[in-house]
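For reference, the structure discussed in these notes is given below.
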Amino acid sequence: MKRSDYLECAVARGTHGVRGNLRLESRCNTPADLAALRRLFIEKDGGYVPMEVEHASLQKGAVLAKLSGVDTLEAAAALRGTVFYAAREDIKLGRGEYFIADMIGLPVVDHESGHKYGTLSDVIRPGAQQIYVVKGENGEFMIPVVPEFIKEITVGDGGAVRVKLIEGMAD
């Protein structure tokens, strides 16, 4: 798996007002993390083109952002559906935090026995906490991301999500 220098961080869901503001759906940990970014990138012709964020604010779980060079309702509307990316170097991770993109595909193993349950296929947030989706031999199952179940995460070569599951959880 090749590590990209850019991470998907938002999707333009619509416009706000007539001066080129975009309503962005955050794909970051929180909308506030997205609003703090000073530049975003769009993928174009096999590369990433930077766009300066002039200002951003939070509104009802979304981010309203004004990007440099997007000054009209029409220009903003043309970006609807566009996926925006952030440079890894622009996002500071705390101790024990990892990019989801680096975790997808990691083996999910029992922290004591080493038994492999499957691979991490997705991370979802249906409510206040994340849930890991694991693709195993018998289909998919979910693990709430709480210390009782998630014991250790390591990324990179030889990385894994080490878990302690209760009986029947992986069935």
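The values are calculated or read from the model by the stated rules, or taken from the named source; none is laboratory data. Quick caveat: nothing in here was measured; it's all calculated off a predicted structure. Ideal geometry is used to build each Cβ from the backbone, glycine not excepted, and the neighbour counts take in all protein chains shown. These accessible areas exclude ligands, DNA and RNA; they are computed on the full protein's heavy atoms, side chains included. Shrake-Rupley method; radii C 1.70, N 1.55, O 1.52, S 1.80 Å.
Odds and ends about this structure:
- Strands (runs of 3 or more DSSP E) lying entirely in the stretch 8-91 (those with 1 or more residues that are farther than 30 Å from Gly127 by Cβ, modelled with pLDDT of 95 or more and out of contact with any Phe, Trp or Tyr (no Cβ under 6 Å at 6 or more places or on another chain)): 39-44, 47-59, 62-67
- Selected residue [more than 30 Å from Thr154 (Cα to Cα) and open to solvent by less than 40 Å² (accessible area, probe 1.4 Å)] from Val49, Val53: Val53
Results for (1) farther than 30 Å from His16 by Cβ; (2) touching a Leu at 6+ places or on another chain (Cβ under 7 Å), shown as yes or no for each residue.
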position: Val83; (1), (2): no, no
position: Asp90; (1), (2): no, yes
position: Arg95; (1), (2): yes, no
position: His111; (1), (2): yes, no
position: Lys116; (1), (2): yes, no
position: Ser121; (1), (2): yes, no
position: Arg125; (1), (2): no, no
position: Gln130; (1), (2): no, no
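- The residue of the stretch 97-130 that is nearest to Cys28 (Cα to Cα), among those that are open to solvent by 30 Å² or more (accessible area, probe 1.4 Å) and β-branched (Val, Ile, Thr), is Ile100.
- Given (1) free of Cβ contacts under 8 Å to residues at least 12 places away in the same chain; (2) open to solvent by 40 Å² or more (accessible area, probe 1.4 Å), index of the condition Gly94 fails: (2)
- If you go through the stretch 131-165 and pick out every residue that is open to solvent by 40 Å² or more (accessible area, probe 1.4 Å), touching a strand residue (DSSP E or B) at 6+ places or on another chain (Cβ under 8 Å) and either on the phi > 0 side of the Ramachandran plot or not in a strand (DSSP E or B) (or both), you end up with 3.
- Test result for Leu24, buried (at least 16 other Cβ atoms within 10 Å of the Cβ) and in contact with a helix residue (DSSP H, G or I) (Cβ under 7 Å, 6 or more places away or on another chain): yes
Here is a yes/no grid of residues against (1) aromatic (Phe, Trp, Tyr); (2) open to solvent by 20 Å² or more (accessible area, probe 1.4 Å); (3) in contact with a Ser or Thr (Cβ under 8 Å, 6 or more places away or on another chain); (4) touching a residue at least 12 places away in the same chain (Cβ under 8 Å):
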residue: Glu8; (1), (2), (3), (4): no, yes, no, yes
residue: Cys28; (1), (2), (3), (4): no, yes, no, yes
residue: Ala35; (1), (2), (3), (4): no, no, yes, yes
residue: Leu40; (1), (2), (3), (4): no, no, no, yes
residue: Gly69; (1), (2), (3), (4): no, yes, no, yes
residue: Ala75; (1), (2), (3), (4): no, yes, no, yes
residue: Leu79; (1), (2), (3), (4): no, yes, no, yes
residue: Ala87; (1), (2), (3), (4): no, no, no, yes
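- Count of the stretch 33-76 residues, restricted to those that are over 19 Å from Glu89 (Cβ atoms) and touching a helix residue (DSSP H, G or I) at 6+ places or on another chain (Cβ under 7 Å), is 6.
- Residues that are among the small types (Gly, Ala, Ser) and touching a helix residue (DSSP H, G or I) at 6+ places or on another chain (Cβ under 9 Å) were ranked within the stretch 155-171; the one that is modelled with the lowest pLDDT is Gly156.
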